[in-house]
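First the structure, in the form of structure tokens, and then the observations on it.
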Amino acid sequence: MKNFEVFFKNNQFIDKQTGKALHFKPNATYTIQGDNENFLSEDYLFEQKIPLNSQGKEEELIRTYKNFHFRKIADAQTVFYFRIGLGKMKEEACDREYLFKAVIQEDLYLKSKDGKNWNLCSCICKATNLVEGDLGFPFAEIEANSLSELFANVVSTYFNKKRATACNAFTTFYFEQKNENPSLNWIKNIARFNLDLKRKTVMHIDKLSK
């Protein structure tokens, strides 16, 4: 039985004697002791973000991005699905692919300086459900200020160092469609309506209107 005196920093347990991070064997059980006040509640770990209503969101964007063009592409509470795939199976991994449900808490906009190149604006959003895949422990909601950040936060939380945190949000997030059953097979082989298709539609309409 080994005993260590550690401190917790940057999501790592650091051995006070050696100054080195401790590394834990996957799926093993450990006993952790500490003073009551050093165990934080889940609510403390997450900053509560307050979504803006439609008028407030539009005003914020106009104020933040001077002389930009904007196009709203989704209303608040729109549902998206996104897939996270891992590389080589690790000992602690239960599956190599996972499907998550996301819900935006604010209206989602595209922005462009020149009217040609369109990028996503920030948008408070949440990953609300694990639709397919087994983490080996219960899923808890993840919140972020943008869809790309949401992807990164989910990876950092559940698949730390198992894959890159970056993604192309346009090709990663798919709109929920009526009469379609979201699954890994669906998002990989059937789903077509992602944010990239929505962006291309906006660009096409703008081109026709000129």
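When you check residue 165 against the structure, is it surrounded by fewer than 18 Cβ atoms within 10 Å (Cβ to Cβ), among the hydroxyl-bearing types (Ser, Thr, Tyr) and in a loop (DSSP other than H, G, I, E, B), yes or no?
Values: surrounded by fewer than 18 Cβ atoms within 10 Å (Cβ to Cβ): yes; among the hydroxyl-bearing types (Ser, Thr, Tyr): yes; in a loop (DSSP other than H, G, I, E, B): yes.
So residue 165 passes the test.
For residue 55, indicate whether it is over 20 Å from residue 105 (Cα atoms), at pLDDT 75 or above and of a type in the set (S, T, N, Q). Can you show your working first?
Working: over 20 Å from residue 105 (Cα atoms): no; at pLDDT 75 or above: yes; of a type in the set (S, T, N, Q): yes.
Here the answer is no, as residue 55 does not meet what is asked.
What residue, among those in region 96-142 that are of a type in the set (Lys, Arg) and part of a loop (DSSP other than H, G, I, E, B), is farthest from residue 196 (Cα to Cα)? Break it down stepwise before answering.
First pass over region 96-142, keeping only residues of a type in the set (Lys, Arg): 96, 101, 111, 113, 116, 126.
Of the ones still in play, those that are also part of a loop (DSSP other than H, G, I, E, B) are 96, 113, 116.
Details: 96: 25, 113: 18, 116: 14 Å.
Restricting to residues being of a type in the set (Lys, Arg) and part of a loop (DSSP other than H, G, I, E, B), the top hit is 96.
Considering only residues of region 152-210 that are of a type in the set (A, V, I, L, M) and touching a residue at least 60 places away in the same chain (Cβ under 8 Å), which is farthest from residue 115 (Cα to Cα)? Before the answer, list the steps.
Of the residues in region 152-210, the ones of a type in the set (A, V, I, L, M) are 152, 154-155, 164, 166, 169, 184, 187, 190-191, 195, 197, 202-203, 205, 208.
Keeping just the survivors that are touching a residue at least 60 places away in the same chain (Cβ under 8 Å) gives 154-155, 184, 187, 191, 195, 202-203.
Values: 154: 32, 155: 33, 184: 35, 187: 30, 191: 28, 195: 17, 202: 10, 203: 8 Å.
Among them, the one singled out is 184.
How many of the residues making up region 103-135 are among the basic types (Lys, Arg) and closer than 13 Å to residue 150 by Cα? Give the steps one after another, and end with the answer.
Just the residues of region 103-135 that are among the basic types (Lys, Arg), to begin with: 111, 113, 116, 126.
Filter once more, keeping what is closer than 13 Å to residue 150 by Cα: 126.
Qualifying residue count for the region: 1.
Could you list all residues from region 176-199 that are outside any loop (DSSP other than H, G, I, E, B) and within 25 Å of residue 50 (Cβ to Cβ)? It would help to see each step written out before you state the result.
First, the residues of region 176-199 that are outside any loop (DSSP other than H, G, I, E, B): 184-190, 194-199.
Once the filter is applied, which keeps residues that are outside any loop (DSSP other than H, G, I, E, B) and within 25 Å of residue 50 (Cβ to Cβ), region 176-199 yields only 195.
Here is a list of conditions, (1) surrounded by fewer than 17 Cβ atoms within 10 Å (Cβ to Cβ); (2) farther than 27 Å from residue 28 by Cα, and residue 136 meets all of them except one; can you say which number that is?
Only one criterion in (1) surrounded by fewer than 17 Cβ atoms within 10 Å (Cβ to Cβ); (2) farther than 27 Å from residue 28 by Cα is unmet by residue 136, namely (2).
Looking at (1) within 30 Å of residue 24 (Cα to Cα); (2) not in a loop (DSSP other than H, G, I, E, B), which one does residue 171 not meet, given that it meets all the others?
(1)
The values are calculated or read from the model by the stated rules, or taken from the named source; none is laboratory data. Remember, predicted model here, so these are calculated numbers, not experimental data. Counting neighbours? That spans all protein chains shown, and the Cβs are built from the backbone with ideal geometry, glycine included.
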